[in-house]
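Since the structure comes first, as structure tokens, the remarks are kept for the end.
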Amino acid sequence: MNWSKEAEKALSRVPFFVRKRVKKRVEEEASRHMANEVTIEHVHTSQKRFLNRMEDEVKGFQVETCFGPTGCPNRAVNSDGLPQKIEQKLTHRNMKEFLKKKVGGPLKLHHEFRVSVSDCPNACSRPQIVDLGLIGACRPEVSDESCTDCGACVEICKENAISVQDGVPLMDDSKCISCGQCIQACPTGTLREGTKGYRILIGGKLGRHPRLATELPGIHGLEEALTIVDRCLDHYQRHCLKGERFGEILSREGRI
Ligand code: SF4
Ligand code: SF4
Ligand code: SF4
């Protein structure tokens, strides 16, 4: 649906973590009025509705993804239904009912458990500022194929993490962020996929006391990542007091 410039501007000021939901509600509002274009009046009306019915809007969790699955060339992994699998877990745990009991007052959107999945270290879905973040990662390794010293890998690596000496590619592990770009750039197959999966970040949040998430060591395959997600959710549900965010629990316990 088309949006007027004014309506678009108003939407851009909505906090990013509810923008998708607000956009959907505004478009529903415009459709109810058989409008061809979303106007600022539709935005204002649905904003009012949204704020008045905040508790109905709370789902108990949010799973955000980047635009990787729509064909982004930077993907280090194909997320293989990972966001959907995490969403199933959260649905199964009935997070809204859980939060209702824990919060003991009106539920707000900031109480929701937030997960964010990005398919590469560019991290467009901002996994550093949510309860649980997953970042797709692909570590290069050197195969038996001869290197022609073309320099394509060195040129594409933004981290300055790879060099070629006497026809041998050398990786600096302390700099490599496992984006996998050098593998795609290598024309000979000298660089190939090594460990592939997800980096996992825990305990990030915005709000009055923001903190960036802490990264767990390693790159984890799909099943292992899902097991870690389950463990984190178990811990969160077992130790959450009055709707604390995951990061607050872990800080209180001195774990991060
Ligand atoms: S995080 Fe990476 S894969 Fe996802 S949209 Fe951004 S650049 Fe593309
Ligand atoms: S995976 Fe990315 S960061 Fe690591 S060496 Fe290759 S291009 Fe550089
Ligand atoms: S891109 Fe491949 S062939 Fe070219 S220098 Fe790097 S490792 Fe060697």
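Some observations on this one:
- Helices in the chain, meaning DSSP H runs of at least 4 residues, each add -39500 (n - 2.57). Divided by all residues, the mean residue ellipticity at 222 nm is -11000 deg cm²/dmol.
- Among SER174, SER163, SER143: highest mean-square fluctuation, GNM of the chain, C-alpha pairs under 10 Å: SER174
- Sorting PHE113, PHE98 by solvent-accessible area of protein heavy atoms yields PHE98, PHE113, largest first, with a 1.4 Å probe.
- Neighbourhood net charge (14 Å Cβ-Cβ; Lys/Arg +1, Asp/Glu -1) for HIS33: -2
- Here the dipole of the chain is about 1780 debye; that uses its Cα centre as origin and unit charges on the Cβ of Lys and Arg (positive) and Asp and Glu (negative).
- Mean separation of Cα contacts under 8 Å, 6 or more apart, over the residue count of the range 137-202: relative contact order %: 49 percent
- Note on GLU27 and LYS5: the model spin-label points, each 7 Å out from Cα along the C-beta direction, lie 2.3 nm apart.
- For the range 1-52, the Kirkwood estimate of the hydrodynamic radius, built from every pair of different alpha carbons, is 10.7 Å.
- Charge dipole (the range 140-195, unit charges on Cβ, about Cα centre) - positive-most of CYS179, ALA161, THR148: CYS179
- Nearby lysines by direct alpha-carbon distance to LYS23 (threshold 17 angstrom, same-chain neighbours under 8 apart not counted): LYS5, LYS9, LYS48, LYS59
- Applying the criteria of a DSSP loop state and at most 11 other Cβ atoms within 10 Å to the trypsin sites (Lys or Arg not before Pro) of the range 42-113 yields ARG53.
- Top of ILE200, ILE135, ILE40 by mean-square fluctuation, Gaussian network on the chain, Cα under 10 Å: ILE40
- Across the chain, the mean sequence separation of Cα contacts (distance under 8 Å, 6 or more residues apart), normalised by length, yields a relative contact order of 16 percent.
- FRET efficiency for LYS101 and VAL18, using Cβ-Cβ distance with R0 set to 25 Å, rounded to 0.05: 0.60
- Efficiency of FRET from Cβ geometry, LYS48 and GLU159, R₀ 51 Å, rounded to 0.05: 0.60
- With K and R counted +1 and D and E -1, the other residues having a Cβ less than 12 Å from that of ASP173 yield a net charge of -1.
- Modelled spin-label separation between SER251 and THR214, with each label point placed 7 Å from Cα along the Cα-to-Cβ direction: 1.2 nm.
- Semi-axis lengths, largest first, of the ellipsoid equivalent to the chain are 39, 25, 14 Å, with √(5λ) applied to each eigenvalue of the Cα gyration tensor.
- Extension gain, GLU193-GLU37: 0.36 nm per intervening residue step, less the Cα-Cα distance, totals 51.5 nm.
- Taking 4.7 Å between beta carbons as the limit, the unpaired Cys residues of the chain are CYS72, CYS120, CYS138, CYS147, CYS150, CYS157, CYS176, CYS179, CYS186, CYS232, CYS240.
- Note on the range 114-256: Rg/Rh from C-alpha atoms, Kirkwood Rh, equals 1.09.
- Residues HIS92, HIS110 ordered from highest to lowest accessible area at a 1.4 Å probe: HIS92, HIS110.
- Sites ASP149 and CYS124, calculated FRET efficiency, Cβ-Cβ separation with R0 30 Å, nearest 0.05: 0.35
- If both residues of a DSSP beta bridge must be in the chain, then about 60% of such bridges are antiparallel.
The values are calculated or read from the model by the stated rules, or taken from the named source; none is laboratory data. The structure displayed is predicted, hence computed values, not measured ones. We place every Cβ from the backbone using ideal geometry, glycine too, and count neighbours over all the protein chains shown. Quick note on the areas: whole protein, heavy atoms, side chains included, nothing else; ligands and nucleic acids left out. Shrake-Rupley method; radii C 1.70, N 1.55, O 1.52, S 1.80 Å.
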